[in-house]
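A.B. asks: Once you've had a glance at the structure underneath, I'll fire off some questions.
The values are calculated or read from the model by the stated rules, or taken from the named source; none is laboratory data. Because the structure is predicted, anything quoted here is derived from the model rather than measured. Reconstructed Cβ throughout: ideal geometry from the backbone, glycine too, with neighbour counts over all protein chains shown. With ligands, DNA and RNA removed, areas are computed over all heavy atoms of the protein, side chains included. Shrake-Rupley method; radii C 1.70, N 1.55, O 1.52, S 1.80 Å.
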Amino acid sequence: MPTLASPAAATSIAHLDWDTSHFGFSVGRIAPEATDAELHAALNEARSRRYRLVYWATTSDRAPPSRLLTEYDGRLVDRKVTYSRTLPGANPPQARSSDATVAPFEESECSAELTALAIAAGAYSRFAADPAIPRDKFERLYQAWIERSVSGAIADAVLVARDSAAATHLAGMITVKVTQGIGNIGLVAVAESHRGRGIGSQLIDATHRWMIARTAAKATVVTQVANAPACRLYERADYTIEQAENYYHFWP
């Protein structure tokens, strides 16, 4: 069993400007490949530099020493999985039917319904799972995510499902971006009142067609192991797990 070296040489911490601005305190990240000794040194550095929150991601089969979790108030907050699948060429399959229609969200600003769906999409995220993060900060993070998606800053499109019987209401939404032939799904949510009707699958199908029209050959999406409904949705759509990681939050 490896032993912890004394933290004589500090490992560099990446300062996260956006996170620091959002949360109102210093937030940093430690490199995933850090050894136990390097992790110890970096956390000691974070404490001396008065970082409030430090992220560390590692492979799913590794855990930090329990001593570090105790000493620096660390906790496992997310078992994250990346799903992927190849996409067909031209003439993708037609969408599965449901009681909703899917189309791009074309308004310039987020509606209250769209914001609520974005917050619901983060229900299993590490920011919701960590009890040390205030609820309003978690919600504001996902509000910012959907606002930046609608503006085009971090997404190419936001597709929304509207109830066929009440087209003014949103039944679900999904954000998507294509980079170098790979389509990435960001936020996905179905309104609680519309779950179990196939709308999630319809959103995925529509997103695949959107990706293929922009010459994407592969689709990826990241979710949490704890989010069993999302995992089932992607697995039904022929996604398989490409990568698994554990995310830790330390409060030094």
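A.B. asks: How much area per residue is accessible in the chain when the probe is 1.4 Å and only protein heavy atoms are counted (Å²)?
C.D. replies: Accessible area per residue: 50 Å².
A.B. asks: Projected onto the charge dipole of the chain (+1 at Lys/Arg Cβ, -1 at Asp/Glu Cβ, origin at the Cα centre), which of 244, 87, 181 gives the Cα projection farthest towards the positive end?
C.D. replies: Sorting the options by dipole projection puts first 244.
A.B. asks: How much space per residue, in cubic angstrom, does the convex hull of the C-alpha atoms of the chain take up?
C.D. replies: Expressed per residue, the convex hull around the Cα atoms of the chain is 133 Å³.
A.B. asks: While we're here: Given a 1.4 Å probe and every protein chain left where it sits, what share in percent of the accessible area of the chain is carbon and sulfur?
C.D. replies: 50
A.B. asks: Another question, then. Tell me the accessible surface of residue 148 in square angstrom (1.4 angstrom probe, heavy atoms of protein chains only), to the nearest ten.
C.D. replies: About 100 Å², rounded to the nearest 10.
A.B. asks: What do you reckon, how do 146, 212 stack up by accessible area (1.4 Å probe), largest on top?
C.D. replies: Values: 146 0, 212 25 Å².
These residues rank, largest area first, as 212, 146.
A.B. asks: Which of 46, 117, 127 sits closest to the plus end of the dipole of the range 37-166, meaning its Cα is farthest towards the positive end, when Lys and Arg get +1 and Asp and Glu get -1 on the C-beta?
C.D. replies: Result: 46, furthest along the dipole toward the positive end.
A.B. asks: Would you mind calculating the gained length between residue 49 and residue 25 on full extension (0.36 nm times residue separation, minus the Cα-Cα distance), in nm to one decimal?
C.D. replies: 7.5 nm
A.B. asks: Label point 7 Å out from residue 241 along Cα-to-Cβ: which residues of the range 56-91 have amide N under 13 Å?
C.D. replies: 59-62, 79-84
A.B. asks: May I pose another question? Any idea what the dipole of the range 133-252 comes to, in debye rounded to 20, about its Cα centre with Lys/Arg Cβ at +1 and Asp/Glu Cβ at -1? Before the final figure, lay out the partial values.
C.D. replies: Details: 13 positive and 11 negative charges, 29 e Å.
Its charge dipole is roughly 140 debye.
A.B. asks: A further question follows. Determine the calculated [θ] at 222 nm for the chain from helices alone, applying -39500 (n - 2.57) to every DSSP H run no shorter than 4 residues and normalising by the residue count; nearest 500 deg cm²/dmol.
C.D. replies: On the way: 8 runs with 80 residues, N = 252.
Roughly -9500 deg cm²/dmol at 222 nm, from the helical runs in the chain.
A.B. asks: Tell me, what are the semi-axes, in whole angstrom and largest first, of the equivalent ellipsoid of the range 53-199 as set by the roots of 5 times the Cα gyration tensor eigenvalues?
C.D. replies: Numbers: eigenvalues 206, 77, 44 Å².
Ellipsoid half-lengths, sorted descending, are 32, 20, 15 Å.
A.B. asks: Taking a 1.4 Å probe, which of 164, 26 shows the most accessible area, and what order do the others take after it?
C.D. replies: So the residues, ranked largest to smallest area, are 164, 26.
A.B. asks: Taking the range 122-252 on its own, what percent of its Cα-Cα pair distances exceed 23 Å?
C.D. replies: Every Cα pair in the range 122-252 considered, those over 23 Å come to 37 percent.
A.B. asks: Hey, got the dipole for the chain? About the Cα centre, +1 on K and R Cβ, -1 on D and E Cβ, debye to the nearest 20? Before the final figure, lay out each step's value.
C.D. replies: On the way: 26 positive and 27 negative charges, 48 e Å.
Result for the chain is approximately 240 debye, rounded to the nearest 20.
A.B. asks: Let me ask something additional. Report for the chain the percent antiparallel among DSSP-assigned beta bridges with both residues inside it, nearest 5.
C.D. replies: Roughly 85 percent of the DSSP beta bridges within the chain come out antiparallel.
A.B. asks: With springs only between Cα atoms under 10 Å apart, run a GNM on the chain and tell me which of 41, 14, 191 wobbles the most.
C.D. replies: Ranking 41, 14, 191 by mean-square fluctuation puts 14 first.
A.B. asks: Additional query: What is the calculated FRET efficiency for residue 57 to residue 112, with r their C-beta to C-beta distance and R₀ = 30 Å, to the nearest 0.05?
C.D. replies: 0.35
A.B. asks: Which is the longest stretch in the chain that no exposed loop site breaks, taking sites as GluC sites (Glu not before Pro) with a DSSP loop state and at most 11 other Cβ atoms within 10 Å?
C.D. replies: Segment 110-252 is the longest.
A.B. asks: Also: If you place +1 on the Cβ of every Lys and Arg and -1 on the Cβ of every Asp and Glu, how big does the dipole about the Cα centre of the range 207-247 come out, in debye to the nearest 20?
C.D. replies: Here the size comes out at about 240 debye.
A.B. asks: To continue, here is another question. Just tell me which aspartates and glutamates come within less than 14 Å, Cα to Cα, of residue 137; anything on the same chain fewer than 8 places away is out.
C.D. replies: Result set, ordered by chain and number: 19.
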